[in-house]
Each structure stands twice: as C-alpha cells, then as structure tokens.
Amino acid sequence: MILIRPPGAGKGTQAHTLATQLGVAHISTGDLFRRHVGSRTVLGERLKRSWSGGELVADEITLETVRDCLTKATPPVTSWSTTSPAPSSWPCSCNSSSGNREPTIDAVLEMHVGEDEIVRHLGRRTCRECGRSWHVEFNPPHVEGSCDACGSALARDQRCRHSRP
C-alpha cells in the first residue's frame, strides 16, 4: 500500500495508524532519507544536496531509497508512505523495485487535505545538517531554531513554502 499526500498533510500519522490497524510494517521515505543522510551514504549525500538546495527529492532518488530498503528488509515490507509527490508511474516502478522480492501494491491511497489544514501544518523546520524535522507547534526543539539531535541551525523546509493568491 502506498499513501500519497502533499508535504505537511500528515502522511506519517495516517500511515502509522493504518499500519497499526492493518497489522503491516510501515516505512516512511522521510525516515529512510534521514537515515541515509545521517549515515553519510552516497545516497545520503545526494539527498543532502537536494535538501540544501530547497528542492523536492527527485523521483529517481526516492525510488532508489525504496528499492534499497525493500531489498534489505527482513521480513519483507508491505506498506510505506512517500514524502514526495508521486507520479502515476510509481506503482509500476515500486512493483518492480525489489529484485527477486517482487512486492505487490494492493492499494495506492491519495488523500486530499484542505489548503487551510496544510498551511497550519507547515510549521516544519528541518536541520540542514542531519535532516531531522521539527515543528514549531507540534514538535518544537528544546532551543528554538536549533536541532536537538545535532545542535545545528534549523531552516524552514523549502518543500513547505506556500503562498496564497
């Protein structure tokens, strides 16, 4: 199952709830991204460059991250959420992404959230050094503007830039 929502719309919360209720594993691409950045892998360096430029993570990097996870996961992963806008090719790409494991996508859920709700959630701040995310209202760091994990400065997540007409 793949859960698709815009940045700041609460995918992680919903995916965790669904995974718990359905009794399946849950993997967040955002968590995978942060793990690669923190471990300073080659993929992590590519992700860090993307983040530091304020860009969305490219589809091919997201798919590579998912492939890496699926090929190494024991037991096999059955559910994940994506933090990137997902193109229509995602289900086909993910179905063929794990080599011999051949995962099956049972459902792709695209959940719509009102603009006002998304704007409320956009208090996200990201550490440019370790990739950890904080939220000014829902999960603030102990010291405003500073990452609790590594002490580096936090910046507004470029993915969450929003302007109203």
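The values are calculated or read from the model by the stated rules, or taken from the named source; none is laboratory data. Treat the numbers as computed from the prediction; the structure is a model and nothing was measured. Backbone-built Cβ (ideal geometry, glycine too); neighbour counts: all protein chains shown.
Considering only segment 45-75, how many residues are outside any helix (DSSP H, G or I) and surrounded by fewer than 18 Cβ atoms within 10 Å (Cβ to Cβ)?
Pass one, segment 45-75, residues outside any helix (DSSP H, G or I): 53-58, 73-75.
Pick out the ones that are also surrounded by fewer than 18 Cβ atoms within 10 Å (Cβ to Cβ) and you get 53-56, 58, 73-75.
Number satisfying all stated conditions: 8.
Considering only segment 34-44, state which residues are out of contact with any Cys (no Cβ under 8 Å at 6 or more places or on another chain), part of a helix (DSSP H, G or I) and under 11 Å from Cys130 (Cα atoms).
Answer for segment 34-44, where residues must be out of contact with any Cys (no Cβ under 8 Å at 6 or more places or on another chain), part of a helix (DSSP H, G or I) and under 11 Å from Cys130 (Cα atoms): Arg35, His36, Ser39, Gly44.
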### Query
Any residue at all in segment 110-127 that is hydroxyl-bearing (Ser, Thr, Tyr), surrounded by 12 or more Cβ atoms within 10 Å (Cβ to Cβ) and either modelled with pLDDT of 55 or more or not assigned by TED's automatic domain parsing to the domain that holds Leu32 (or both)?
yes
### Task
Assess whether Thr13 counts as being surrounded by fewer than 17 Cβ atoms within 10 Å (Cβ to Cβ), β-branched (Val, Ile, Thr) and under 14 Å from the mean Cα position of the chain (by Cα).
yes
